[in-house]
Structure formats: C-alpha cells, structure tokens
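This report concerns only the one structure given below.
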Amino acid sequence: MIIDKNTIKDEILAIKNGNVVQGLRIGIPSIDEFYRLKLNGSLDIYAGHAGVGKTSFCLYLMTLFAQKYDLKFIIWSSENTPGSIAQKIIEYKMGKPIDTSSEDDIEQVIDWTDHHFKILKVEEVCTYKDVLTQILGIHNALPSAAAFIDPYNSLAKPKEEMKAYGSHELDYMIASEMRLFAEKHKITLMVSMHGVTESSRKVHPITHPMAGFPMPLSYSQVEGGVKWANRCSNFFVCHRYFQSKDSWNVMELHVLKVKEYVTGGRPTSLDDPIRLKMLPNNVGYEFGGVNLMHEQKTPKTVLF
C-alpha cells in the first residue's frame, strides 16, 4: 500500500512542531538522555550474561514505570517461578524485603501488583507463537503497555519451520514477526537474551580497570547474532561485575541501539554506560544517591 502524501506531511510537521510522542522518562536527565521506554509497538532487546541479574533488573524497570505512569505489564518467564517474580516486584515497590515488612503492607502491595502485572505460569516448553498467543489473549482482555519475554533462548523453534527455513533464517523471521506483532497490537515487547558460549570467554585486557572480567555483550554475541540488532527497535545490554569485590552491586545499562532518536534516547558511550547502584538487600537501585523508585536521597551508611 502506497502511503498518502498527506500522511507523510502530517508526520513531518509533527516532528517540526515538536508534537511527536516521547518515550517515557524515569525522571533523571542523565538517564533519560539515553534510556526511554517506548510504547505502542516497540521491540526491545535486553541482553546480558548469565548471572548479571538482567531479569530482576527488567522487573525493576517495569515496576518503576508501573508506579510512575500507572502502566500494566505481562510477564512470561520460563526460568523463574511466578512467586519469585511477584516477590521481587513487591520488594521493589515497598523498598524493603518481605521478611522485614508487615502483613498489612505486603497485602496492599500484592493488590497493587495484581492490578499492574499479569504473570503467566509456564508449565511446558513453548514456541514463540505460543507465547505471542498467550500475550495477545491477556492484552485483548486487559490492554497492557508491554510484555516481557524471558528469555528468548528458552523458546522452542517449530520443527516444520526449522526444516523449511533453517535456524538462521528462522531467527530473522521470528524477529520480524515479533516486531510486526508489537506494531499491530500496540504493545511493546521486552525480550531478554543470554549470550552465546563464546561471549563468556571475552574478557577485558590487562590494561583495563576490570582486567580479567567478562566484557559486556555486543550485538553479535546474543543467541541468533546481530540479526536481532538489525530487526529490533532498541537494543540494551545489562552488565554487572558480580565477582568484583568493589563493583558487584553496580548494574550497567549499555544503550547500543535507539531506532527513533526523535522520540528520545540515544546510545551511551562505549566506556560510559548508565550505572545504577543496587540498594541493600537488592530492593531497588539508586543513581547519584537518589532512590529511583521513591525519588529521595538514599541515606549514607556510616560505619563506626
């Protein structure tokens, strides 16, 4: 279908006059300059090595945006139980562990969590088609801002399609179908990905401050390779030096691709990602001493 001239004109004038809908901000300029949550049909990749905490970090981002903008999310996670997912959301929302919280506080936040999150119970191996069908069923009944698929590596590839296309072409097709699904149904897909085996062998050189530690993932080191960067709307890498004595509690968010600059965000510098410090007991993150969830200065711990 050929796009009408007037449609193009409207879009160009919207850009000129600053009427383009912006991606959602966290509220801290140093973060918002690079990272935005884009709604209404974005395919976003969140990649990271095993063990860095990318699932819990993505849950934190969703909880943060749910609180700030009253958004609803769908979660499909094959590597975490619904109970453990709900626990993290509840602790992030309260800003404290459940074992130090009152039952009344927990009950209130459970109601909030149930209102903003629909967590799917994964009882069998699923293909990408199975997952998208489940997401669409919930989205049609309860319109949601985004759905989290965690991780892509755990999805089975349909045997007939594998025979017809081969693994390489099938990954391209799945990426394209996910993007078209997001655009058609006006829902953002947040897809987490592990790195391939070779990626864990890539360590910082001896001249680097983190010499010997695994390097953050690149485009080509995720399952399926660089094709996902080609097809996605935004590509993020979560990285944490969890074996470091000094930096184990710092989550780095590397922004590698932003498709639409006009709606906000841009890639971070190679050596200067967004660095968020984990709060004690892993109940949230702070940036520059500011607790993102509760928008207050985090009190300093004084050791005697």
Subset of segment 71-117 (residues that are touching a strand residue (DSSP E or B) at 6+ places or on another chain (Cβ under 8 Å), farther than 22 Å from THR133 by Cβ and in a helix (DSSP H, G or I)) = ALA86, ILE89, HIS116
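Quick check on VAL196: is it crowded, with 17+ Cβ neighbours inside 10 Å and within 15 Å of ALA47 (Cα to Cα)? Lay out the reasoning, then the answer.
On the way: crowded, with 17+ Cβ neighbours inside 10 Å: no; within 15 Å of ALA47 (Cα to Cα): yes.
Taking the combined requirement at face value, the residue does not satisfy it.
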Just wondering, is there one or more residues in segment 28-45 that are assigned to a helix (DSSP H, G or I), closer than 30 Å to ALA156 by Cβ, open to solvent by 20 Å² or more (accessible area, probe 1.4 Å) and out of contact with any Gly (no Cβ under 9 Å at 6 or more places or on another chain)?
-> no
Kindly indicate whether ILE174 is among the β-branched types (Val, Ile, Thr), touching a residue at least 60 places away in the same chain (Cβ under 8 Å), within 15 Å of CYS232 (Cα to Cα) and outside any loop (DSSP other than H, G, I, E, B).
-> no
The listed residue being closer than 24 Å to SER56 by Cβ and either in contact (Cβ under 8 Å) with a residue 24 or more places away in the chain or open to solvent by 20 Å² or more (accessible area, probe 1.4 Å) (or both), out of THR188, THR207 | THR188
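Can you find, within segment 45-61, the residue that is farthest from VAL226 (Cα to Cα) among those that are of a type in the set (A, V, I, L, M, F, W, C) and more than 10 Å from the chain's Cα centre (by Cα)?
VAL52
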Take the residues in segment 243-293 that are open to solvent by 30 Å² or more (accessible area, probe 1.4 Å), in contact with a helix residue (DSSP H, G or I) (Cβ under 8 Å, 6 or more places away or on another chain) and modelled with pLDDT of 95 or more, then tell me which one is nearest to LEU217 (Cα to Cα).
-> LEU256
Reported set for segment 99-156 where residues are farther than 25 Å from ILE45 by Cβ, hydroxyl-bearing (Ser, Thr, Tyr) and open to solvent by 50 Å² or more (accessible area, probe 1.4 Å) is THR100, SER102
Out of the residues in segment 60-87 that are free of Cβ contacts under 8 Å to residues at least 60 places away in the same chain and buried (at least 18 other Cβ atoms within 10 Å of the Cβ), state the one that is farthest from TYR152 (Cα to Cα).
-> ALA66
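Name the residues in segment 191-206 that are assigned to a loop (DSSP other than H, G, I, E, B) and closer than 10 Å to VAL222 by Cα, would you?
Kept after step one, since they are assigned to a loop (DSSP other than H, G, I, E, B), are these residues of segment 191-206: 194, 196, 202, 204-206.
Within segment 191-206, HIS194, VAL196 meet the criteria.
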Candidates ALA14, ALA50, filtered to the one that is open to solvent by 60 Å² or more (accessible area, probe 1.4 Å), out of contact with any helix residue (DSSP H, G or I) (no Cβ under 7 Å at 6 or more places or on another chain) and either at pLDDT below 95 or outside any helix (DSSP H, G or I) (or both) | ALA50
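Identify, from the list LEU37, LEU43, LEU71, LEU64, the residue that is closer than 17 Å to PHE287 by Cα and modelled with pLDDT of 95 or more. Break it down stepwise before answering.
Values: LEU37 fails: closer than 17 Å to PHE287 by Cα; LEU43 fails: closer than 17 Å to PHE287 by Cα; LEU71 fails: closer than 17 Å to PHE287 by Cα.
Matching residue, one of LEU37, LEU43, LEU71, LEU64: LEU64.
Just to be sure before I move on: is LYS163 touching a residue at least 12 places away in the same chain (Cβ under 8 Å) and open to solvent by 40 Å² or more (accessible area, probe 1.4 Å) in the structure I sent?
Against the criterion (touching a residue at least 12 places away in the same chain (Cβ under 8 Å) and open to solvent by 40 Å² or more (accessible area, probe 1.4 Å)), LYS163 does not qualify.
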Give segment 257-292 a look and list any residue that's of a type in the set (S, T, N, Q) and in contact (Cβ under 8 Å) with a residue 40 or more places away in the chain, or say none.
-> THR263, THR268, ASN281, ASN282, ASN291
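Which of the residues that make up segment 216-232 are in a loop (DSSP other than H, G, I, E, B) and surrounded by fewer than 19 Cβ atoms within 10 Å (Cβ to Cβ)?
Start the filter on segment 216-232 by keeping residues that are in a loop (DSSP other than H, G, I, E, B), which leaves 216-218, 223-226, 232.
Correct list: SER218, GLU223, GLY225, VAL226.
The values are calculated or read from the model by the stated rules, or taken from the named source; none is laboratory data. No experiment lies behind these values; they were computed from the predicted model shown. Glycine also receives a Cβ, built like all others from the backbone with ideal geometry; neighbour counts cover every protein chain displayed. Just the protein is used for accessible areas: all its heavy atoms, side chains included, with ligands, DNA and RNA removed. Shrake-Rupley method; radii C 1.70, N 1.55, O 1.52, S 1.80 Å.
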